[in-house]
Amino acid sequence: MKKLSLSMYLMTVTALLSVPSLAGEGDPAGLTLSLPVITAIVVILLIAQYIFYRLLERKFRRRQEELEHIITKKNDDLIKINEKTEALLANVLPKDTADEIMAKGKATKVKYNFVTVLFSDIQGFTQIAEEMNPEVLIDELDKFFFHFDSVVEKYRIEKIKTIGDAYMCAGGIPEKNRTNPVEVTLAALEMQDYMHKLKEESLVRGIKYWDIRIGIHTGTVIAGVVGHKKLSYDIWGDTVNIASRMESSGEGGRINISGATYEFVRDFFECEYRGRMPVKYKGELDMYFVKGILPELRDENGLPNEMFRFKVQMMKLQDVEEKVSRLFLEEAHPNLYFHNAQYAMGVAAQTELLAIAEGVMPEQYVPLKLASVFLITGFLREYENPSGASCRMMEEMLQGFGFDDIFINQARELIINSFDDRYETHSDRIMHDARYDYLGRVDFIKLSGKLFRERNEHGINIGADQWTEMQEKFLSGHDFLTDTGKLLRSVSIEEQTARLRGKAY
């Protein structure tokens with residue numbers, strides 16, 4: 001509806017006022033309407049019409065606002081329902097699997113070659129169930145499993161299911177990692193300690209309590225979703241069966257692991273060899289009882305100390321490096337000719353080589369390696385501000401890996417210093433030499449050409465002659481800052497400069 005303005009009404013009034021008197025000389029009734037009367041009538045009619053249109057407009061606007069409010073509320077309700085659905089689905093399924101089901105309506109089954117499966121079971125549960133009030137029994141089981149859920153979440157372990165008194169979880173799915181045997185064993189120790197404390201409290205009060213058996217095995221599994229209406233995330237394979245046998249072949253209050261798992265955790269935990277034990281359908285298998293963390297790797301409370309965490313983080317560095325490598329392969333734009341996966345992994349590898357050769361202390365190595373892995377990731381997101389973007393991506397991707405904050409903060413400082421050309425510490429100088437290692441290699445000219453092409457395609461337009469001049473100036477002012485870096489230079493600055501002048505970009 002078009003809005004009728006007051007000025008339009010006044011124009012209409014003026015036009016009407018210019019019309020001759022409506023009463024002629026031959027009016028039989030002698031009724032002659034004077035100009036003021038006609039004017040008053042017209043003005044009244046126009047004002048009435050104006051008021052009517054304004055009221056109608058206000059009513060329309062109010063109705064429109066009501067409809068917008070209803071639509072907004074409906075959208076908010078739908079968003080809340082969707083969030084609740086996603087949260088519920090996330091509690092039942094791994095996030096990636098839930099996202100795939102939401103997007104495609106189904107999830108593909110995946111094979112994992114390195115997974116550690118844990119089974120736990122209450123010893124003598126059948127007899128306990130016969131003697132105990134059902135409601136109390138269920139409450140007790142719920143208390144156990146609630147605590148177990150918090151433990152597996154802490155160690156990035158995936159809960160699979162509970163069946164009666166049995167609890168099953170697995171490490172290394174859906175996100176693959178090298179540390180899952182250690183993390184699952186740590187989780188088992190926490191579960192064992194929790195049950196021991198409950199048992200001690202019950203014995204003090206003169207109440208009979210139950211023991212828990214835990215079995216662990218490491219191997220290959222198939223993971224996926226079963227069912228169409230009641231979805232369930234599950235795993236299959238021989239590894240699952242052997243883990244179950246480890247539990248049933250164990251003893252109450254103890255953690256029984258297979259020989260395969262032992263090989264991956266022997267450097268972290270104190271284990272007691274049980275010998276080769278008969279296993280149903282599997283013949284004889286090596287078994288070990290986990291007694292606790294190795295003395296040199298635990299604190300006065302028997303918990304992991306700094307050295308334990310450092311050893312685990314050293315293993316996690318390899319997982320982080322693989323994750324960043326996949327990120328470059330999946331997200332890197334084709335016109336990143338220089339700052340690509342090959343260069344990123346080259347910097348990380350050179351940093352590791354230099355750190356070892358320069359005798360870097362373990363506590364300095366972790367942040368140095370982290371910084372080298374994430375150094376150029378920022379070019380994937382913000383080409384004009386790679387330093388800040390690299391730091392943000394590092395913090396984002398390291399969530400859940402369990403790295404100490406002090407290491408992350410030191411890695412962030414190394415990245416910023418590298419882009420700002422500040423080399424105050426030994427680690428800064430190692431980072432510098434790793435980043436610019438290509439300047440002393442035979443493929444420098446080829447890489448320089450790739451960088452020239454990349455910068456131009458990202459809007460940093462530089463002529464070929466100007467680029468050559470810039471590279472010459474950069475070479476003349478550059479030198480490696482560590483003894484190892486200088487030793488590893490294979491082409492001198494003079495040779496590189498001469499080759500650079502003969503290159504046509």
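Among the numbered conditions (1) within 32 Å of the chain's Cα centre (by Cα); (2) touching a residue at least 24 places away in the same chain (Cβ under 8 Å); (3) buried (at least 17 other Cβ atoms within 10 Å of the Cβ), the only one that I212 does not meet is (1).
From the list R453, R412, R441, the lone residue that is surrounded by 19 or more Cβ atoms within 10 Å (Cβ to Cβ) and touching a residue at least 24 places away in the same chain (Cβ under 8 Å) is R412.
Output the residues belonging to region 404-439 that are part of a loop (DSSP other than H, G, I, E, B) and either of a type in the set (V, I, T) or in contact with a helix residue (DSSP H, G or I) (Cβ under 6 Å, 6 or more places away or on another chain) (or both). Those that are part of a loop (DSSP other than H, G, I, E, B) and either of a type in the set (V, I, T) or in contact with a helix residue (DSSP H, G or I) (Cβ under 6 Å, 6 or more places away or on another chain) (or both): Y423, T425. Residues that are under 19 Å from D121 (Cβ atoms) and out of contact with any strand residue (DSSP E or B) (no Cβ under 8 Å at 6 or more places or on another chain) were ranked within region 170-196; the one that is modelled with the lowest pLDDT is H196.
Restricting V152, V136 to residues that are crowded, with 21+ Cβ neighbours inside 10 Å and in a helix (DSSP H, G or I) narrows the list to V152. From the list E190, E158, the one residue that fits, being in contact with a helix residue (DSSP H, G or I) (Cβ under 9 Å, 6 or more places away or on another chain), more than 26 Å from N113 (Cβ to Cβ) and not polar (S, T, N, Q), is E190. Pairing residues of region 335-363 that are under 25 Å from L451 (Cβ atoms) with residues that are of a type in the set (V, I, T), at Cβ distances under 6 Å and at least 6 apart in sequence or on separate chains, gives H339/I376; A344/I376; A348/V373; L354/I430; L354/T484. When region 307-322 is filtered for residues that are touching a residue at least 60 places away in the same chain (Cβ under 8 Å) and either more than 12 Å from A348 (Cβ to Cβ) or of a type in the set (A, V, I, L, M) (or both), the ones remaining, listed by number, are R309, V312, Q313, M315, K316, D319, V320.
The set of residues from region 149-165 being under 23 Å from Y262 (Cβ atoms) and over 17 Å from the mean Cα position of the chain (by Cα) comprises V151, V152, I160.
Residues in region 159-190 that are surrounded by fewer than 21 Cβ atoms within 10 Å (Cβ to Cβ) and of a type in the set (D, E): 2 in all.
Restricted to region 270-304, and to residues there that are of a type in the set (A, V, I, L, M, F, W, C) and touching a residue at least 40 places away in the same chain (Cβ under 8 Å), the residue that is farthest from M191 (Cα to Cα) is L285.
Report whether or not Q313 is loosely packed, with under 15 Cβ neighbours inside 10 Å and outside the structural domain of T179 (by TED's automatic domain parsing). Judged against the criteria, Q313 is not a match.
The values are calculated or read from the model by the stated rules, or taken from the named source; none is laboratory data. Remember, predicted model here, so these are calculated numbers, not experimental data. Because the Cβ atoms are built from the backbone with ideal geometry, glycine has one as well, and the counts that use them run over all protein chains shown.
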